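The values are calculated or read from the model by the stated rules, or taken from the named source; none is laboratory data. None of the values given here were measured: they were computed from a predicted structure. Neighbour counts are summed over all protein chains in view; Cβ atoms, including those assigned to glycine, are modelled from backbone coordinates with ideal geometry. When the accessible area is computed, the model is the full protein with side chains, heavy atoms only, and any ligands, DNA or RNA have been set aside. Shrake-Rupley method; radii C 1.70, N 1.55, O 1.52, S 1.80 Å.
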Amino acid sequence: MAEKSKSSAVEIDVAGRTVRVSSPERVIFPERGLTKLDVAEYYVAVGEGILNALRDRPTTLERWPKGVFEGAKMATRTDSEGDAFFQKRVPKGAPDYVETAHITFPSGRSADEIAPTELAVVVWAAHMGTLTFHPWPVVRADVDKPDQIRIDLDPQPGTDYDDAARVAPEVRALLEELGMEGFPKTSGGRGLHIFVPIQPKWDFVDARRAAIAFGREIERRVPDLVTMNWWKEERGEKIFIDYNQMARDRTIASAYSIRPNKRATVSAPLRWEEIPDVAPNDFDVLTVPGRLAEVGDLFAGANSQRYGIEALLEMAERDERDHGHGDLPYPPDYPKMPGEPKRVQPSKDRDRKR
């Protein structure tokens, strides 16, 4: 329960710890009339789920301190002016209960990033204007060994959630063939995410190779629905399986995270069976707390039994040996990686045109 203080702030009791929320009446989602306090109280209400998703994981904060309004702009690497931004380093003045993990970026630089250990950290981050939490697929005990493979079904222009939903049964079938279980959730937008818990024995390069092999097999099974082409000009109206979500320092919005759109939708865990029958707008700040109370945390298993990826790495070796399918391009801000093909847009590749 929130209590007002003298400084036009409120104090929320979060599992026995008091968290101060300033400017509680600031409107964050104008079309829904949702305030900063509503956001903080949402995260208290889904505390079990959001903490399961973030606990001990280095987490990038997507901060919208001015709210989500028409024309709001996200700051980028090339343009630091913006109404919202990604915070990768722990903010100055963070409370002493905010713990961190030391991470290294592809550039070789490093940072101390928050790694939530209790719900108060999440609510404090909401007080700082955080809407979306982007955890790494590692825990701070070993930040170089992923413990999840994340499969991102990303609809391209001309496709939508329903198209991603048609791909989901193929993903589930392949996981079952591999003896694995995946945990699906909405992206909060048009896509679907499936998280697969794995043993933290392999580095990011191997985990990414496994994701590529998985995606290529899905593409072979449903080539009219799925593409693995990195270059947008080659994807067409298909679902792109974004394998680079498994590259170091690439993250996906956590389960139960609020997304910065007009409706304040939430990245919501799903049962496989309900994927065809739901829509992303079914899950928002107002509906998800009740759903969590009713069905429990459907994503809890993403941190449970862990699978080996040997079979996927064998598939990657067969792809290269039998089909000549080696590595795929990394994101543009990465250093050139060993074995990576040319990082040149096909329409601008002079050698390819010859």
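Looking only at segment 1-15, which residues are under 15 Å from E118 (Cα atoms) and at pLDDT below 95? Walk me through how you get there before you give the answer.
Of all residues in segment 1-15, those under 15 Å from E118 (Cα atoms) come to 12-15.
Hit for segment 1-15 is A15, nothing else.
Considered as a group, the residues in segment 70-106 that are under 21 Å from the mean Cα position of the chain (by Cα) and open to solvent by 60 Å² or more (accessible area, probe 1.4 Å) include one that is modelled with the lowest pLDDT, and that residue is R77.
Test of understanding: among A120, A173, A168, A125, which residue is over 16 Å from the mean Cα position of the chain (by Cα), among the hydrophobic types (A, V, I, L, M, F, W, C), in a helix (DSSP H, G or I) and surrounded by fewer than 20 Cβ atoms within 10 Å (Cβ to Cβ)? First the steps, then the outcome.
Numbers: A120 fails: surrounded by fewer than 20 Cβ atoms within 10 Å (Cβ to Cβ); A168 fails: surrounded by fewer than 20 Cβ atoms within 10 Å (Cβ to Cβ); A125 fails: surrounded by fewer than 20 Cβ atoms within 10 Å (Cβ to Cβ).
Only one candidate passes the filter, namely A173.
Scanning segment 23-49 for residues that are of a type outside the set (K, R), touching a residue at least 40 places away in the same chain (Cβ under 8 Å) and open to solvent by less than 30 Å² (accessible area, probe 1.4 Å) yields I28, F29, L34, V39, A40, Y42, Y43, V46, G47, G49.
Hey, does segment 312-322 have a residue that's open to solvent by 30 Å² or more (accessible area, probe 1.4 Å) and assigned to a loop (DSSP other than H, G, I, E, B)? Before the answer, list the steps.
Within segment 312-322, the first condition is being open to solvent by 30 Å² or more (accessible area, probe 1.4 Å), and the residues that meet it are 314, 317-318, 320-322.
Okay, now just the ones that are also assigned to a loop (DSSP other than H, G, I, E, B), so none.
Looking through segment 312-322, none of the residues is open to solvent by 30 Å² or more (accessible area, probe 1.4 Å) and assigned to a loop (DSSP other than H, G, I, E, B).
Scanning segment 298-340 for residues that are over 30 Å from L51 (Cα atoms) and touching a Gly at 6+ places or on another chain (Cβ under 7 Å) gives E320, G326, D327, G339.
A single member of N229, N244 is assigned to a loop (DSSP other than H, G, I, E, B), out of contact with any Asp or Glu (no Cβ under 6 Å at 6 or more places or on another chain) and crowded, with 16+ Cβ neighbours inside 10 Å, and it is N229.
Does D152 fit the bill of being touching a His at 6+ places or on another chain (Cβ under 7 Å) and surrounded by fewer than 24 Cβ atoms within 10 Å (Cβ to Cβ)?
Working: touching a His at 6+ places or on another chain (Cβ under 7 Å): yes; surrounded by fewer than 24 Cβ atoms within 10 Å (Cβ to Cβ): yes.
Taking the combined requirement at face value, the residue satisfies it.
Please indicate, with yes or no, whether at least one residue in segment 157-167 is acidic (D, E), touching a residue at least 40 places away in the same chain (Cβ under 8 Å), in contact with a helix residue (DSSP H, G or I) (Cβ under 7 Å, 6 or more places away or on another chain) and over 20 Å from K88 (Cα atoms). Taking every residue of segment 157-167 in turn, none turns out to be acidic (D, E), touching a residue at least 40 places away in the same chain (Cβ under 8 Å), in contact with a helix residue (DSSP H, G or I) (Cβ under 7 Å, 6 or more places away or on another chain) and over 20 Å from K88 (Cα atoms).
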